[in-house]
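Working notes, beginning with the structure itself.
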Amino acid sequence: MVYVDDYFADFRRMKMCHMIADTDEELDAMADRIGIERRWKHNGTHYDVYMSKRKLAIENGAIEISVFVLARMEHEKRKKKHEKENNLKK
């Protein structure tokens, strides 16, 4: 699943929010679908999208979530990745 949050940050004359997904493949596929270049991916985890792209993402199946839910999801994702890396070292 792909998600967009309700964090509407000012950037120049635009409002931006975050777009994340359960997998990198889903995230990049949505970015392609709504016309966001992959070079705009931040830290390999999310895209900052402006309101018209947010609307397109929702029209293409993205789920609206709060910024707090997004932060929790990203924390859990990083935690699982860290645990997996630690298990590989053993």
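Here are the numbers for this structure:
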quantity: Region 10-28, residues that are surrounded by 12 or more Cβ atoms within 10 Å (Cβ to Cβ), farther than 21 Å from Lys80 by Cα and among the hydrophobic types (A, V, I, L, M, F, W, C); calculated: Met14, Met16, Cys17
quantity: Residue list for region 2-48, restricted to those being within 10 Å of the chain's Cα centre (by Cα) and on the phi > 0 side of the Ramachandran plot; calculated: Gly44
quantity: Selection within region 37-71 - surrounded by 12 or more Cβ atoms within 10 Å (Cβ to Cβ), among the charged types (D, E, K, R) and within 17 Å of Thr23 (Cα to Cα); calculated: Lys41, Asp48, Glu64
quantity: Residues within region 20-57 that are part of a helix (DSSP H, G or I) and among the acidic types (Asp, Glu), tallied; calculated: 5
quantity: Among (1) without any contact (Cβ under 8 Å) to a residue 40 or more places away in the chain; (2) closer than 15 Å to Tyr7 by Cα; (3) under 11 Å from the mean Cα position of the chain (by Cα) - the single one Phe68 does not satisfy; calculated: (3)
quantity: The lone exception for Cys17 - which of (1) touching a Lys or Arg at 6+ places or on another chain (Cβ under 8 Å); (2) part of a helix (DSSP H, G or I) it fails; calculated: (2)
quantity: Members of region 58-80 that are in a helix (DSSP H, G or I) and among the small types (Gly, Ala, Ser); calculated: Ala71
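Values quoted throughout were computed directly from the atomic coordinates according to the rules given, and no laboratory measurement underlies them. Bear in mind that the values here come from a model prediction, so they are computed numbers and not experimental data. FYI the Cβ positions are ideal-geometry reconstructions off the backbone, even for glycines, and counts take in every protein chain you see.
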